[in-house]
1. Can you compute the FRET efficiency between Ala167 and Asp245 using 1/(1 + (r/R0)^6), with r the Cβ-Cβ distance and R0 = 45 Å? Round to the nearest 0.05.
2. With the dipole of region 141-234 worked out from charges on the C-beta (+1 for Lys and Arg, -1 for Asp and Glu) around the Cα centre, which of Val189, Met176, Ala150 lies farthest toward the positive end?
3. Determine the order of Lys221, Lys241 by accessible area, beginning with the largest, at a probe radius of 1.4 Å.
4. Let me check something: with ligands and nucleic acids excluded, how do His93, His193 order by accessible area (1.4 Å probe), largest to smallest?
5. Based on the Cβ-Cβ distance of Ala132 and Ala211, what FRET efficiency does E = 1/(1 + (r/R0)^6) give at R0 = 51 Å, to the nearest 0.05?
Amino acid sequence: MEDKTEPTYEDAPYTEQSLAQLALAATAQDLADFLIGFVAVWPTSEPRPVEDAARFVRRAQELLDRAVIVEKVGGASWEDIGDTLEITKQSAHAKFRQAVEEWEAAVKRPIVTDEIYGIGGLEARTYNRMPAGTSTPDETAAYLDRWALAHADGRDVGGRPVSGGLARMTPLVELMSLSTGALFEEFVVPPPHLLAENAEREAVLWERIAAGGHRTRDAKKHAAAARQRAADLRAQDAHAKSIADVQTPAQHAAEHERRWPREIYGPYRTFPDVASARDWCAHCNVWIGPGEKPSQ
């Protein structure tokens, strides 16, 4: 019999449902390890059970938040959540709304950059907003597999008790996420280097769809079109970089505002490199002005 199972690609992102479940699993593991401290009795140390119990309650609330997120991502309504907790849907919404909204914002745009003024001028600090463990899901899942097996206590939990239950996006689902993802929420007109990355990934996904025998002719045509679009965008990006090499920061700022007047995260800003006194445009991904490039 012909195998109709879709192949699983290791570079495909996990589904939102799987990421939510992984965040719940990581929180549960952390909480279980924390509880070990309540079991041991140390006669020489000063007991602080109330303080430790209060810390446990706070962590248990986080576990409940993660559980609610898993169910919301799975399609549960606030009424469903309220019924389970024996509270009204209004109370459930008020209690868990912030946690769910923070999750949704992180999933849409995991990587964020905060701009602050430091010693050398304006500095950018980039960090990942996803919950602990979900920014490196493969590493977390592998660790939790080992943890679950070590604590199975003779029970049959399978060879991959955590990673075995995680699902990755299919090429079609990932294609949809590319066209509606965070890039198009962040920029009215995204810069060419980011659009090129999108197009290159789109080409890979169409090629996988073609290899799977799904509308092969159309998929190959879409893949070729995406490859060409990526090449055009890379050329456009290279042209922008060559122009930036001879611009002053003020000239680049004026051109930036002309091309991207409605970038939603604020006006153009420069990121100075203290050693070379050259400016970096984080939006356009270019160093501005002539001279030796700062060491990366």
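The values are calculated or read from the model by the stated rules, or taken from the named source; none is laboratory data. Everything numeric here is computed off the predicted structure, so don't read it as measured data. When we count neighbours, we look across all protein chains shown, and the Cβ atoms used for this are built from the backbone with ideal geometry, even at glycine. These accessible areas exclude ligands, DNA and RNA; they are computed on the full protein's heavy atoms, side chains included. Shrake-Rupley method; radii C 1.70, N 1.55, O 1.52, S 1.80 Å.
1. Numbers: r = 45 Å, r/R0 = 1.01.
So, using R0 = 45 Å, E works out to roughly 0.50.
2. Met176
3. On the way: Lys221 130, Lys241 65 Å².
Output order, biggest surface exposure first: Lys221, Lys241.
4. Values: His93 75, His193 15 Å².
Final ranking, largest accessible area leading: His93, His193.
5. Working: r = 36 Å, r/R0 = 0.71.
Plugging the Cβ-Cβ distance into 1/(1 + (r/R0)^6) gives 0.90.
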